[in-house]
Amino acid sequence: MVDALGVAVIGFGWMGRVHTRAYARLPHHYPDLPLRPRLVTVAEEVPGRAEEAAERFGFVSATRDWREVAADPRVQAVSVTAPNFLHREIGVTLAGAGKHLWIEKPVGLTAADARAVADAVARAGVQGTVGFNYRNAPAVEAARELIASGGIGTVAHVRVRLFSDYAADPDTALTWRYERRRGGSGVLGDLASHGVDLARFLCGEIASLAADTAVFVPERSRPGGATAGHALAPGGEPGPVENEDYVGCLLRFTSGARGVLEACRVSVGEQNAYGFEVHGSRGAVFWDFRRMNELGVCRGTGYRDQPVATVHVGPGAGEFAAFQPGAANAMGYDDLKVIEACRFVRSVAEGTPYGTTLADAVHSARALDAMERSARTGGWVSP
Ligand SMILES: NC(=O)c1ccc[n+]([C@@H]2O[C@H](COP(=O)([O-])OP(=O)(O)OC[C@H]3O[C@@H](n4cnc5c(N)ncnc54)[C@H](O)[C@@H]3O)[C@@H](O)[C@H]2O)c1
């Protein structure tokens, strides 16, 4: 008989649903996990949304007030999938109440926010997992191993790109994402945070950076009612976009490697075009999220005209074996969250962290703050 872990989800938009599905799927993919999540309660401020979530996804109860989750003795672990401006208050309060946290990136609006949640988690002695899901892709883990084992030689330079069109339509609703007070630094927290995490995961710490930012769609329409995800609001009253659509950033790693990180939320023609290219002294490795289980691998002794092989990763790579029996059976986005859920629950069960931690969120947030500073001052800065 496996012990139950009472879980709650706060904020039931896109990520709330994905976290909930991940908890539900854990026993299918990881039958040996020592704890099995039990969906206890869901908190959501939009009237009726929590009740609907409970009905459809199987939570025992529903509330509009996330503070009830902090006081709920049935809950041991909480997914914080509310907008960025709430991460700090919710995260600090829940950790203080002894709840383990699976919290979405970027963990607040600034590095100070991420640090506050990290400190609260450390003080309370609870576990904290952060939603940097792209590093969970088996192909990304395989790329990291290839790089770490010297398979492409010494890393010289890396390019990380995160281009999306989710905000390209000027009629995209002016939600929390586009306000500084509630959405923070825009595409920096939204996409570049993932890029920083991937860059660090593959190539180590960033020593300094120089960034440029831009807003390309300065006005959007206010929505008439509740939204989730990237809703449209055609004809709504126009309002100003207060944070960045684009960031371009040069990186210097402590290893001496150089990098370019570019993220944009208004790139027409790009749908989830997230990926990296890492070039070493003897080879290179390429990954594109849209072909998540493939790696381009160039290795050998040829230097010039060395071919690039397409490798379909299989059960030997990362957590692939928990999902499919053989290479080239596709995994998808939600699977990355099942892996994250597994690492979170395992951390709770064993009292030691697996996968991302709040320290990773602090590193990422410090780099994002540094990008903003650099864009303002026009120079190289250290995160
Ligand atoms: N890891 C990833 O790939 C990924 C992808 C998308 C979003 N995110 C992160 O997840 C978080 C949520 O993003 P989303 O796309 O799901 O947004 P969303 O707008 O779809 O959902 C947010 C939900 O939170 C609810 N909410 C707002 N205030 C609340 C409150 N006080 N109490 C309870 N619920 C409240 C909203 O009503 C909404 O339903 C953000 O921090 C975002 O950065 C991560």
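What follows is calculated from the coordinates using simple rules that are stated; it is not laboratory data. The structure presented is a predicted model; accordingly, all values stated were derived computationally and were not measured. In this analysis, Cβ positions are derived from the backbone assuming ideal geometry, glycine residues included, and neighbour counts consider all displayed protein chains.
In the distance distribution for region 3-133, Cα-Cα pairs more than 19 Å apart total 44 percent. Along the charge dipole of the chain, pointing to its positive end and built from +1/-1 on Cβ of Lys, Arg, Asp and Glu, which listed residue (37, 331, 199) has its Cα farthest out? Value computed over the given set: 199. Listed by number, the DSSP H helices of the chain that run 27 Å or longer by alpha-carbon position along their axis and have mean Kyte hydropathy of at least -0.5 are 358-377.
Between 137, 9, 48, the Cα set farthest toward the positive side of the dipole of region 1-149 (charges on each charged residue's Cβ, about the Cα centre) is that of 137. Where nothing but the Cβ of Lys and Arg (+1) and of Asp and Glu (-1) is charged, how large is the charge dipole of region 128-194 around its Cα centre, in debye to the nearest 20? Charge dipole of region 128-194: 260 debye, to the nearest 20. The convex hull defined by the C-alpha atoms of the chain has an orientation-averaged projected area of 18.9 nm². Taking springs between alpha-carbon atoms closer than 10 angstrom, which of 357, 129, 227 fluctuates most in the Gaussian network model of the chain? Result for the chain, Cα springs under 10 Å: 227 fluctuates most.
Specify, per residue and in Å³, the volume enclosed by the convex hull of the alpha carbon atoms belonging to region 242-383. For region 242-383, the hull spanned by Cα atoms encloses 188 Å³ per residue. Relative to the current alpha-carbon distance between residue 61 and residue 122, full extension at 0.36 nm per residue lengthens the span by 19.0 nm. As a calculated quantity, the FRET efficiency between residue 112 and residue 208 at R0 = 25 Å, using C-beta atoms, amounts to about 0.75. Rg and Dmax over the alpha-carbon atoms of region 100-189 stand at 17.4, 48 Å. Mean residue ellipticity at 222 nm, helices only, the chain: -9500 deg cm²/dmol; runs of at least 4 DSSP H residues each add -39,500 (n - 2.57), and the sum is divided by the number of residues. Less than 5 angstrom separates the built amide H of residue 260 from those of 158, 159, 160, 251, all sequence-distant by 5 or more or on a different chain. Most tightly packed first, judged by the mean number of other beta-carbon atoms within 10 Å of their residues, the peptides 170-179, 337-346, 48-57 read 337-346, 170-179, 48-57.
Inter-label distance, residue 4 to residue 268: 5.3 nm, where each label sits 7 Å from its Cα along the C-beta direction. Roughly speaking, what is the centre-to-centre gap between region 97-119 and region 274-350 when only Cα atoms are used, to the nearest Å? Answer, in whole Å: 28.
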